[in-house]
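The values are calculated or read from the model by the stated rules, or taken from the named source; none is laboratory data. Treat the numbers as computed from the prediction; the structure is a model and nothing was measured. Here Cβ is always computed from backbone atoms with ideal geometry, including for glycine, and neighbour counts include all displayed protein chains. Heavy atoms of the whole protein, side chains included, go into the accessibility calculation; ligands, DNA and RNA do not. Shrake-Rupley method; radii C 1.70, N 1.55, O 1.52, S 1.80 Å.
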Amino acid sequence: MEIKEDGVCYHETKFIDEHGLIRSTKVPVVQQLALSGLKDLPNRFISVSQDHPVVSSSILDASRAFPTVDVAQLGRTQELVKLASVAQEWGLFLVINHGIEDSVLHGVEDVVRGFFGLSLEEKKSSVGTYMDVDNLGYGQNFVRSEEEPLGWIDRLAMKAAPSEASEGLLVWPRNPANFRQVMEQYAEEARKVCNHLLEALAESLSLEKHVFLENFDSENSEIKVRVNYYPPCPRPDLALGQHPHSDASALTLLMQFGATGGLQVLKDAKWFTVPWPENTLLVSVGDLMEIMSNGRVKSPWHRVATLADVERFSVALFYNPPSQAEIEPVEGEGPSDESYKKVVVGEYVRNSYKYSLPVDKQPMMNFAKN
Ligand SMILES: O=C(O)CCC(=O)C(=O)O
Ligand SMILES: [Fe+2]
C-alpha cells in the first residue's frame, strides 16, 4: 500500500525488529522521487561509507577481456576449463549461445518496461506487496529496520516455480496483461540453461556430472524472479542501488537493459564494475552452489551502483533446489578450502534474509558450517 505525505509517495512495508516483533514502516517510492526531479538525495538513501566509496571502484584492466562462456561449446574441454577458471576467479560469468531466443528476452524487457511505465496507482492496483521472507510483489528490496540506508531501487518479485508458489497472492502484475505468461516462458528457458550449467560446472570441477543437478527436480525446484528498477539518481556518489550482498541461490541468471555499468563485484578487497555488455546474460554463483561445491566455487559479494542520468533495469532469476531439499557438500578430489555441512535449502535462505546490511557473507555462510 502506498501513502502520500508532503508530495512524497511511500510504499508501506513491514519488518521484524530485533525483538522479533512485526513493525510497520514506510519507504519512499524511488521512481516517484526521481520523477519529481529532486536535486538532493534524501538522507535515508545515503549509504556510502569510507570503505565502500562508489566512485573509486576499479574497472577491469582493459587489456583483459572478461571471459564469456559459450554454452553451445560446453561439450568441449577447452570451454569447460574456461568455465571453471572464470567461475573460480570471479564467481560470475557472461554466457552466449545459451539458446534463449531474442524474442523471449525482448518480451521480458517489454513487459518490465510496460509495468514500470504505469502510473503509481496503476502499478498498485496491478500487483500486491507482501512482507514475508520472500519479499514478493511490488515495493522496496528488503527493509529490515527504520535506520538502515535504503537502496535507490524499486522492485517487483515473484516466484515462477513451483507452480503453486504464489497461490492466493497477487504477485504477478495484471498489467501488462501478458506479464505472467512472458515471464513464465522466460523462466522455463532459464531453467534449461541453468540445468545445463549445473552439469557443466560439475564437469568443469572434475566432479560427476549430476552432483549438483541431482538436487533439483522439475516439479519443486524454486525459480524466483526479481525485477530491479534503478531510476536516475541525483547523487550516484552517495547512494547504492543494492547494498553489498551475495545471492542465496544456487545460480542466478541476470539480464539488464536501459544501461550498463551498475553491477560491481568485490575482489581482492576492491570493487570492480563488471564489464557486462548489453544483450548478454550474466550468471552468478550463489551461496547454495558454494555449499554444494564445498567452496570449490564461491558466491561473489556484489552490489549495484546508481547512475546519474539514465534508468537501468535488471532481471535476476534465482534458481534453487526445492525449499525442503537438503543439500550436502560434494566429496571428491580437487581444491576445496571449506567444510560445509548439510543444510535444508529453505532454512538457509530464510536465515540469510535476517541480516541487515552485513559487511561480508560470513554470518550467512556460517549457518552452513559446524
Ligand atoms: O542489478 C544488477 O545488476 C544486480 C542485481 C542483483 O544483484 C540482485 O538482484 O540480486
Ligand atoms: Fe545479487
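So the values come out like this:
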| item | result |
| --- | --- |
| Residue ID - farthest from ligand 2 (Cβ to nearest atom), chosen from residues in the range 259-271 that are buried (at least 19 other Cβ atoms within 10 Å of the Cβ) and either among the small types (Gly, Ala, Ser) or over 17 Å from the mean Cα position of the chain (by Cα) (or both) | Trp271 |
| Hits in the range 261-284 - residues which are touching a Pro at 6+ places or on another chain (Cβ under 8 Å), modelled with pLDDT under 95 and not hydrophobic (A, V, I, L, M, F, W, C) | Lys267 |
| Failed item, numbered, when Tyr319 is tested on (1) touching a Leu at 6+ places or on another chain (Cβ under 6 Å); (2) in a strand (DSSP E or B); (3) modelled with pLDDT of 95 or more; (4) within 30 Å of Ala34 (Cα to Cα) | (4) |
| The listed residue being open to solvent by 50 Å² or more (accessible area, probe 1.4 Å), of a type outside the set (S, T, N, Q) and farther than 28 Å from Val143 by Cα, out of Glu338, Glu328 | Glu328 |
| Leu251 vs. criteria within 16 Å of the chain's Cα centre (by Cα) and either within 13 Å of ligand 2 (Cβ to nearest atom) or farther than 27 Å from Asn195 by Cα (or both) | yes |
| Failed criterion for Gly168 (all others in (1) touching a residue at least 24 places away in the same chain (Cβ under 8 Å); (2) open to solvent by 60 Å² or more (accessible area, probe 1.4 Å) hold) | (1) |
| Subset of the range 66-99 (residues that are open to solvent by 10 Å² or more (accessible area, probe 1.4 Å) and either hydroxyl-bearing (Ser, Thr, Tyr) or within 21 Å of the chain's Cα centre (by Cα) (or both)) | Phe66, Pro67, Thr68, Thr77, Ser85, Gln88, Glu89, Trp90, Ile96, His98 |
